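Participant: Below: one structure in structure tokens.
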Amino acid sequence: MLKLLKFLNDKITWILNWLMIVLMSLMVAFIVAQVFFRYVLMKPLSWSEELAGYLFSGVFFFGAILLYRESRHINMSLVVESIKNRFLRELITVIAHLFSFFFLAVMVWYSYPMAMQILEFEVVSPSMEWLKIGYVFLIVPVASFLSLMVMLEVILDSFVRLKESRS
């Protein structure tokens, strides 16, 4: 199961790396265009700042998935690394990962129905009438679900390290 999960997460990571490149490139392009139109042409764009903010939301949530996989999120590593007993250190790491997994499950559970309800209401962006805000809100449950997949691999790896530290 761990091999299959690693394979799937490798594919997810590859896709997310490219998604980060696209989202950040678009975000920079829209911000540069906004600055150009505002200060050079004196005709500010009404939509570019808002769209850049939505793109930033994607970068934030989808980038978090990549950080989960590499265990690079902000954590109390100073406290955990100061524990001399390897088994206890790995046990605390597993418990922390389980709490993160629970949090992400709650995020999926509550954010998906909310995003679907917003889609049903057909609420649109104030400056871009072609963009339904529900699609922006779908970033949270989709990213949280993908994070669950990645966290499952991280948790299973942690259990393997925990078992190794016991022997």
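The values are calculated or read from the model by the stated rules, or taken from the named source; none is laboratory data. In this text, all values refer to a predicted model and were calculated from it rather than measured experimentally. We work out accessible area using only protein heavy atoms, side chains counted, and drop any ligands, DNA or RNA first. Shrake-Rupley method; radii C 1.70, N 1.55, O 1.52, S 1.80 Å.
Participant: Could you let me know the centre-to-centre spacing of segment 1-35 and segment 72-93, using Cα atoms, in angstrom?
Facilitator: Centre-to-centre (Cα) distance: 29 Å.
Participant: At q = 0.11, 0.13, 0.16, 0.24 Å⁻¹, work out log10 I(q)/I(0) for segment 60-157 with the Debye formula, treating every Cα as an identical point scatterer and leaving solvent out; two decimals please.
Facilitator: Normalising to I(0) and taking log10 leaves -0.44, -0.56, -0.73, -1.18.
Participant: Amide H to amide H, which residues 5 or more places from L131 or on other chains are under 5 Å from it, using H placed in the peptide plane?
Facilitator: S125
Participant: Looking at segment 25-114, I'd like the Rg to Rh ratio, where Rg is from alpha-carbon atoms and Rh is Kirkwood's inverse mean 1/r.
Facilitator: 1.23
Participant: Continuing with this model, one more query. Compute the Cα gyration tensor for segment 78-134, then decide on rounded, prolate or oblate, letting a ≥ b ≥ c be the square roots of its eigenvalues: rounded whenever a/c is under 1.5, prolate when a/b is larger than b/c in the other cases, and oblate in all that remain.
Facilitator: prolate
Participant: List the relative contact order of the chain as a percent without decimals, with contacts defined as Cα pairs under 8 Å and 6+ residues apart.
Facilitator: Taking the mean separation of contacting Cα pairs over the length of the chain, I get 27 percent.
Participant: Probe of 1.4 angstrom, ligands and nucleic acids ignored: what's the accessible area per residue over segment 7-140, in square angstrom?
Facilitator: Dividing the accessible area of segment 7-140 by its residue count gives 69 Å².
Participant: Still on this structure, please answer the following. First compute the accessible area of the chain with a 1.4 Å probe, then give the percent of it belonging to carbon and sulfur atoms.
Facilitator: 72 percent
Participant: While we're on this one: One-quarter of the Cα convex hull surface for segment 117-167, in nm²?
Facilitator: With every direction weighted equally, the projected area is 4.7 nm².
Participant: If each Cα of the chain is one equal point scatterer, what is log10 of I(q)/I(0) from the Debye formula at q = 0.09, 0.12, 0.14, 0.16 Å⁻¹?
Facilitator: -0.43, -0.68, -0.85, -1.00
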